Amino acid sequence: MNLPPKEYTKQENIIADCLDEFGMRYSQQTSFPPYTVDFYVSEIQRVIEADGIYGHNIKRDRKRDKDLKEYPEIEDIIHITAITKKDIKEQLWQALNKLSQ
């Protein structure tokens, strides 16, 4: 059975726009069983999660992050809580700049 394509949230669309502006290649809704991540940027081995301003269940997210980091192709997970393009771009930029330090 084929599932209908997932509609992306406004926040996910903004993150995609920002990644495009940064010239980064990424894939959306990538499967790392049993999880599906919002974005995977293979060249920097990062997952980017669109958490929104309210985030998610912290205890469940910690376990999920720990499980995802068991995959050799995932070095870290970036959680984006901002919701405006300006703030999302800034939060992403800061997280990505930490990689070069």
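Taken together, the values in this text are just the output of simple stated rules run on the coordinates, not laboratory data. In this text, all values refer to a predicted model and were calculated from it rather than measured experimentally. Here the Cβ positions follow ideal geometry from the backbone for every residue, glycine too, while neighbour counts run over all protein chains shown.
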Note down the nm distance, to one decimal, between modelled labels 7 Å out along Cα→Cβ at K10 and at D61. 2.0 nm
Quantify how much of the Cα-Cα distance distribution of the chain extends past 15 Å, in percent. 62 percent
List, in the order given, every pair from K10/K59; K66/K98; K63/K86; K69/K98 whose Cα-Cα distance in the structure shown is over 27 Å. K63/K86
For the pair F32 and I83, how long in nm is the line joining their label points, each one 7 Å along Cα→Cβ? 2.7 nm
Positive minus negative residues near D76 (Lys, Arg vs Asp, Glu; Cβ under 9 Å): 0
Would you mind calculating the relative contact order of the chain from Cα pairs under 8 angstrom and at least 6 residues apart, reporting the percent as a whole number? 24 percent
For region 11-50, what does the relative contact order come out to in percent, with C-alpha contacts under 8 Å and a separation of six or more? 31 percent
Over the chain, the sum of -39500 (n - 2.57) across DSSP H runs of at least four, divided by residue number and rounded to 500 deg cm²/dmol, gives at 222 nm -11000 deg cm²/dmol
